[in-house]
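The values are calculated or read from the model by the stated rules, or taken from the named source; none is laboratory data. Keep in mind it's a predicted model, so treat the numbers as computed, not measured. Note that we place each Cβ from the backbone using ideal geometry, even for glycine, and neighbour counts take in every protein chain shown. Note: accessible area is taken over every heavy atom of the protein model, side chains too, but ligands, DNA and RNA are not part of it. Shrake-Rupley method; radii C 1.70, N 1.55, O 1.52, S 1.80 Å.
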Amino acid sequence: MIINCYLAFDGQCKEAFEFYQKVLGGEIVMLVTMGDTPMGADATEEQKKKIMHARLNIGDNVLMGGDSPMPSFSKPQGFSVSIGLSDYDEGKRIFDALSENAAIMMPFEKTFWAKGFGMLIDQYGTPWMVNCE
């Protein structure tokens with residue numbers, strides 16, 4: 001069994017995935033617009049530009065997402081994308097990069113369980129936790 005995170009966006013999926021690739025590395029191996037699919041024939045010009053499916057491979061990890069069909073988008077809640085690392089400096093770098101225009105819920109700092117831990121909601125509305133045990 002493999003469990004992956006699939007993120008929903010309100011029209012910013014392409015921009016978000018390009019940002020995540022810059023911050024986390026890896027390779028965007030799929031970025032399919034609604035217009036690239038059979039459903040594109042019935043879509044409006046605005047809908048055709050929306051991302052139906054994105055996939056970012058980061059080593060053995062996969063982050064996927066897409067733009068929610070209008071008007072069904074709702075803000076993410078009740079979860080966080082968690083990044084676990086052993087390298088404090090890399091954890092701090094990732095946290096600081098994800099912090100661009102983000103809401104910091106907990107600054108990246110030493111805790112009783114980790115060399116460094118921080119929580120934020122990034123500029124695209126995705127909640128993240130970065131943990132360096």
> Within the stretch 45-65, is even one residue among the acidic types (D, E) and within 21 Å of D10 (Cα to Cα)?
Replying inline: yes
>> Looking only at the stretch 29-80, filter to residues that are open to solvent by less than 50 Å² (accessible area, probe 1.4 Å) and among the β-branched types (V, I, T); which one of those is farthest from A102 (Cα to Cα)?
In response: T37
> Under the condition of being in a helix (DSSP H, G or I) and among the charged types (D, E, K, R), which residue from the stretch 89-133 is surrounded by the fewest Cβ atoms within 10 Å (Cβ to Cβ)?
Replying inline: D89
>> Given the condition within 23 Å of G125 (Cβ to Cβ) and touching a residue at least 40 places away in the same chain (Cβ under 8 Å), answer yes or no: does some residue in the stretch 30-43 qualify?
In response: no
>> Please go through the stretch 70-88 and give me each residue that is part of a loop (DSSP other than H, G, I, E, B) and hydrophobic (A, V, I, L, M, F, W, C), ordered by number.
In response: M70, F73, F79
> For the stretch 3-27, which residues satisfy the criterion of being without any contact (Cβ under 8 Å) to a residue 60 or more places away in the chain, open to solvent by 40 Å² or more (accessible area, probe 1.4 Å) and either touching a Pro at 6+ places or on another chain (Cβ under 8 Å) or under 17 Å from N61 (Cα atoms) (or both)?
Replying inline: I3, E18, Q21, G26, E27
